1. Non-local amide H neighbours of Met216 (under 5 Å, H modeled in plane, Pro and chain starts lacking H): which ones?
2. Stokes-Einstein diffusion coefficient for the stretch 27-84 at 10 °C in a medium of 1.306 mPa s, Rh from the Kirkwood formula over Cα pairs: what value in µm²/s?
3. If you place +1 on the Cβ of every Lys and Arg, -1 on the Cβ of every Asp and Glu, and leave all else neutral, what size is the dipole of the chain about its Cα centre, to the nearest 20 Debye?
4. Can you compute 3J(HN,Hα) from phi for each residue in the stretch 292-304, using the Karplus curve 6.51 cos²θ - 1.76 cosθ + 1.60 with θ = phi - 60°, rounded to whole Hz and x for Gly and Pro?
5. Can you run phi through the Karplus equation (6.51, -1.76, 1.60; θ = phi - 60°) for the stretch 56-72 and list ³J(HN,Hα) in whole Hz, with x for Gly and Pro?
6. Simple spin-label model, 7 Å along Cα-to-Cβ: Asn275 to Lys77 in nm?
7. Counting only residues 5 or more places away or on other chains, whose amide H sits under 5 Å from the amide H of Glu152 once H atoms are built in the peptide plane?
8. Report the local net charge at Lys198: Lys and Arg +1, Asp and Glu -1, summed over other residues whose C-beta lies under 12 Å from its C-beta.
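Values quoted throughout were computed directly from the atomic coordinates according to the rules given, and no laboratory measurement underlies them. This one's a predicted model, so the numbers in the text were calculated from it and none came from an experiment. Because the Cβ atoms are built from the backbone with ideal geometry, glycine has one as well, and the counts that use them run over all protein chains shown.
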Amino acid sequence: MTSIIFLGTPKFAVPILKALSENDYEIKAVVTQPDKKVGRKQKVTETPVKILAKKLNLPVFQPEHLGKSAELAALIKMHADLIITAAYGQFLPSKFLQSAKIAAVNVHGSLLPKYRGGAPIQYALINGDQQTGVTIMEMVKQMDAGDIYAQEAIDIQKEDNAGTLFEKLSLLGRDLLIQTLPQIIADPQKKTAQDENKVVFSPNISKKQEQIKLNMTATEANNLIRGLNPDPGAYLLIDGKRFKIWQAEVAGDTTTFPAGVVVDNKKRFAISFANHTVLNLLEVQPSGKKKMVIKSFLNGQGKNFSKGDKIVSS
């Protein structure tokens, strides 16, 4: 039986680990990020991968920094046939990668070499891509630079956000990995090098990127909203406070108002953006409030605004 050390943390990795456990692979260890305090009450929360691993009675390792941990030596001594990662969230030391008898493999949520890095799904949406996909690749010391074993693409739908795409790509990655593993085991050298001339990076989203700017068109603003939903969320600055937008749509009409002005607050709540474009807000979260559909907002705080008001700070 082929042995595996699996590394993953969020929900994206859960179907992949589950499939490996159901397909006659021996999972020697599961490595995931440490438990974290979450929410206002700072409740200590286990990662989704840890929760599944415990249900499957698999040994779990949670080093703060794998490369500097005592656990690393124990994992290397396992000499697993395969090391498989899916959104683990840490760099893996070369000596660990080299301990795999057959290969160290990563399930990456983009069509490499496009979107190397920690936020490929978010950037595909933010940049308005029409397609994305999953890559099964060899792990090397350089981030997401390994040779490619397999790829599969899907179309991005206009209603997709980061949450829905994570779910779709998780299942796609699961199926593609299970399909590709026998090929990797039989011939680990059957792979294709990435084209370095086509590399695009997708670094983790910064706090600065969360703000919807007035130099964006309505389409660009909507793409940012989709890319940051459900976490961390995109926001406008209204009266100097963060006003999160969870769902919106690009309006079919245009406006002569400059960017940041209320175009309509009767049957809809519409804001002007660059190039005379208009964005209809559908689900919002004013500062200090819970998420609400726009009808609820218009029946409350929205009454304080009038058509023609400049309400958004740049």
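1. Here the answer is Ala274, since their amide H atoms fall under 5 Å of that of Met216.
2. Values: Rh = 12.6 Å.
Estimated via Stokes-Einstein, D reaches 126 µm²/s.
3. Taking the Cα centre of the chain as origin, the dipole is about 1500 debye.
4. For the stretch 292-304, the Karplus-derived couplings read 8, 6, 5, 4, 5, 5, 5, 7, x, 4, x, 5, 6 Hz, x marking Gly and Pro.
5. Computed from phi, the couplings for the stretch 56-72 are 8, 6, 9, x, 10, 10, 9, x, 4, 9, 4, x, 10, 9, 5, 5, 4 Hz.
6. 6.1
7. Val134
8. Numbers: positive: Lys114, Arg116; negative: Asp195, Glu196.
Net of charged neighbours comes to 0.
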